[in-house]
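The values are calculated or read from the model by the stated rules, or taken from the named source; none is laboratory data. Everything quoted here is computed from the prediction, not taken from an experiment. No Cβ is skipped: glycine too gets one built from the backbone with ideal geometry, and neighbour counts run over all protein chains shown. SASA here: full protein model, heavy atoms, side chains in, ligands and nucleic acids out. Shrake-Rupley method; radii C 1.70, N 1.55, O 1.52, S 1.80 Å.
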Amino acid sequence: MLKIEGVHTFYGQIEALKGVDLHIGKGEIVTLIGANGAGKSTLLMTVFGNPKCRKGRIVYEGQDITGVPAHEIVRLGIAQSPEGRRIFPRMTVYENLQMGALPTDGSTFEADIREVFDLFPRLEERRNQRGGTLSGGEQQMLAIGRAMMSKPRLLLLDEPSLGLAPLVVRQIFEIIKKINEKGVTVFLVEQNAFHALKLAHRGYVMVNGSITLTGTGRELLANPEIRAAYLEGGH
Amino acid sequence: MAYFIQQLINGLTLGAIYGLIAIGYTMVYGIIGMINFAHGEIYMIGAFISVITFLVLQAAGIGFVPLILVVMLIASMLFTAVYGWSVERVAYRPLRRAPRLAALISAIGMSIALQNYVQLTQGARVKALAPIISGGVTLFEQDGFAVRLSFLQIFIIILTMALMAGFSYLIDRTPLGRQQRACEQDRTMASLVGVNVDRTISTTFVMGAALAAVAGMMVTLYYGVVDFFIGFLAGVKAFTAAVLGGIGSLPGAMLGGLLIGLIEAFWSAYFSIEYKDVAAFSILVLVLIFRPTGLLGKPEIEKV
Ligand SMILES: Nc1ncnc2c1ncn2[C@@H]1O[C@H](COP(=O)(O)OP(=O)(O)OP(=O)(O)O)[C@@H](O)[C@H]1O
Ligand SMILES: [Mg+2]
């Protein structure tokens, strides 16, 4: 579904991605783990052309989308819940969801928002509250809900569990699973390697702008290197 | 009392005009975080276009006043919008990622260029216009002073209120307005959900310019004269209005405009008309010192 081939991305002179190769199959949950500053968020943003990929290709459903402007990517069926959630702070929950529905023709808006409210009943209770005043967990739900409003076939999630209480983390992961069961392919960037690898079909490990390891979620969970680097002491 | 009420009416009229210009400052500031210093010139161009339209209509022998007004309004909004759009393309877009100082200098350059362009093409002399809307009503008389409300003032106040109401609706309730607010709040995120940021910024300049054009037309009707230099003072006052109301806030710009208009009217009436511009400038300084966020620009508490 999505193929990333030898992608190099730069911030000025700094090379943040040094030739990344990975692929995501239709219907999968694929996770990408790695330490702070490895380049995970950069990879998700590179899919949206911001920053631009300087070398390599990004292919989505057989179509080369390298260089397609960000606002057109979402119209191809890729949505992102970005790092830091980036809720529109001075818009209500409802308006944030309306923004998410921008790429659609609006004919299924009521059904789509119903679906999001069913996933996150909390959002329905807070529909007229301003995004900036939501709690961290609520903001995360809204970020995912907003992404879902564009009816994506591929959903990119950047650290949805960051800063959330363990109970909420579990809820979020359950919902990601539900979303995937509805037929949405999920690419999940996570620090919470344990939960992510348990949930994902496959995973990749990124170190310093390159992929160093890949395998099924189970394999990676059992891998001693990974246990040492990402799993010891946590959760 | 009668004198006071007369000044109130005059101040409201003036304030309506400043408010319309101030909206352009505040919206552009909201979306690109920069003061569009060429906005006063856009307003001046709007005034000129309305004069030219009037002269063309007159030459064509059209004398039906409502038709003249409608055509003037549409023509000045339309053509001025093209100028607003071009200013963004030429002076701001290439510098979107440049340091702010570069964009500021570019804006000032644009402002001087537009002034000189109008001076060259239209001449430096004041252009005068015969009154189009005349007459009015006497509200009441007291101690030999008659409080007058001219039809032109009614026209200006009603048109401004209608435009402001329509505009607030557009920003608060329509998809276009939501896209503008999204760009204002987080441009990167806006692009991720599918907002064409460049186009939205262009639209903002176009809308600001169209409102400034209406203000330009009103001033032309109100004072009956225009010259290539009117953009400067009106620009600074409208900018003051935007800052006073809280830069970035739409209701703030409207409120600020009204207040500046009122202050100017009362200042001229009770203190000194020669120094009426000092009032606006003093307010700008005072606001910047004591309440830089303006009256309605109180930043909300936000979790990031
Ligand atoms: N806008 C930017 N300008 C310059 N350098 C940047 C920028 N954004 C990220 N970087 C750098 O690129 C590298 C990769 O950053 P990135 O945000 O992709 O890491 P990450 O894997 O998402 O980390 P984290 O887990 O902490 O979110 C880091 O060294 C970072 O400092
Ligand atoms: Mg990151």
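A few comments on the model shown:
- The helix-based estimate of mean residue ellipticity at 222 nm for chain B, built from -39,500 (n - 2.57) per DSSP H run of four or more residues and divided by its residue count, is -24500 deg cm²/dmol to the nearest 500.
- Taking 7 Å steps out from each Cα toward its Cβ at B:TYR117 and A:PHE109 produces label points 3.8 nm apart.
- Model label sites at A:VAL59 and B:GLU141, defined 7 Å from Cα along the beta-carbon direction, differ in position by 9.0 nm.
- Interface residues in segment A:97-136 - accessible area drops by 20 Å² or more relative to the isolated chain, probe 1.4 Å: A:GLN98, A:MET99, A:LEU102, A:ARG130, A:GLY132, A:THR133
- Listed residue pairs exceeding 23 Å between alpha carbons, taken from A:LYS178/A:LYS198; A:LYS18/A:LYS198; A:LYS26/A:LYS52; A:LYS18/A:LYS177; A:LYS55/A:LYS177; A:LYS52/A:LYS198: A:LYS18/A:LYS198; A:LYS26/A:LYS52; A:LYS18/A:LYS177; A:LYS55/A:LYS177; A:LYS52/A:LYS198
- Student exercise, segment B:159-269 dipole from Lys, Arg, Asp, Glu Cβ charges, in Debye to nearest 20: 220
- Base-10 log of normalised Debye intensity for segment A:86-151 (one unit scatterer per alpha-carbon) at q = 0.19, 0.28 Å⁻¹: -0.59, -1.27
- Look at the Cα gyration tensor of chain A: its axes a ≥ b ≥ c give a/c of at least 1.5 with a/b at or below b/c, and that counts as oblate.
- Neighbour count of at most 14 Cβ within 10 Å plus DSSP loop: longest GluC sites (Glu not before Pro)-free window in chain B: B:1-273
- Converting phi to 3J(HN,Hα) with the Karplus coefficients 6.51, -1.76 and 1.60 and the offset θ = phi - 60°, segment B:116-123 yields 5, 4, 5, 4, 5, 7, 10, x Hz in sequence order, with x at every glycine or proline.
- Solvent-accessible surface of the protein assembly as shown, taken per residue with a 1.4 Å probe and all protein chains present: 44 Å².
- Interface burial in segment B:180-202, defined as at least 30 Å² less accessible area with all protein chains than with the chain alone at a 1.4 Å probe, covers B:ARG181, B:ALA182, B:GLN185, B:ASP186, B:THR188, B:MET189, B:SER191, B:LEU192, B:VAL193, B:GLY194, B:ASN196.
- Carbon-plus-sulfur accessible fraction, segment B:208-284 (probe radius 1.4 Å, protein heavy atoms only): 78%.
- Averaging the sequence gap over all C-alpha pairs within less than 8 Å and six or more residues apart, then dividing by the number of residues, gives chain A a relative contact order of 27 percent.
- Net charge of the neighbourhood of A:GLU83, taken over other residues with C-beta under 15 Å away and scored Lys/Arg +1, Asp/Glu -1, is 0.
- Lys pairs, chain B - Cα-Cα below 28 angstrom, 8 or more residues apart or on other chains: 4
- For segment B:58-66, 3J(HN,Hα) computed residue by residue from phi via the Karplus equation (6.51, -1.76, 1.60; θ = phi - 60°) reads 4, 4, 7, x, 8, x, 6, 4, x Hz, glycine and proline entered as x.
- Taking the square roots of five times each eigenvalue of the Cα gyration tensor of segment B:216-291, the equivalent ellipsoid has semi-axes of 21, 16, 11 Å, listed largest first.
- Taking a ≥ b ≥ c as the square roots of the eigenvalues of the alpha-carbon gyration tensor, segment B:19-143 is classed prolate because a/c is 1.5 or more and a/b outweighs b/c.
- Residues with amide H under 5 Å from that of A:LEU32, placed H, sequence gap 5 or more: A:LEU188, A:VAL189, A:GLU190, A:TYR204
- Length-normalised contact order for chain B - Cα pairs under 8 Å, 6+ apart - percent: 36
- Portion, in percent, of the accessible area of segment B:1-113 that falls on carbon or sulfur, probe 1.4 Å: 76
- When restricted to Cα atoms, segment B:107-151 yields an Rg and a Dmax of 19.7, 52 Å, respectively.
- When the convex hull of its Cα atoms is projected in every direction, mean area for the protein assembly as shown (nm²): 29.8
- Accessible surface of segment A:86-151 [probe 1.4 Å, protein heavy atoms]: carbon and sulfur percent: 44
- For A:LEU213, distant residues with modelled amide H under 5 Å away: A:VAL205
- Ordering of A:13-20, B:244-251, B:132-139, A:91-98 by packing [mean C-beta count within 10 Å, highest first]: B:244-251, A:91-98, A:13-20, B:132-139
- Estimated FRET transfer efficiency (B:ARG291, B:MET34; beta-carbon r; R0 30 Å; 0.05): 0.90
- Computed with a 1.4 angstrom probe on protein heavy atoms, the A-B interface buries about 2200 square angstrom of accessible area in total.
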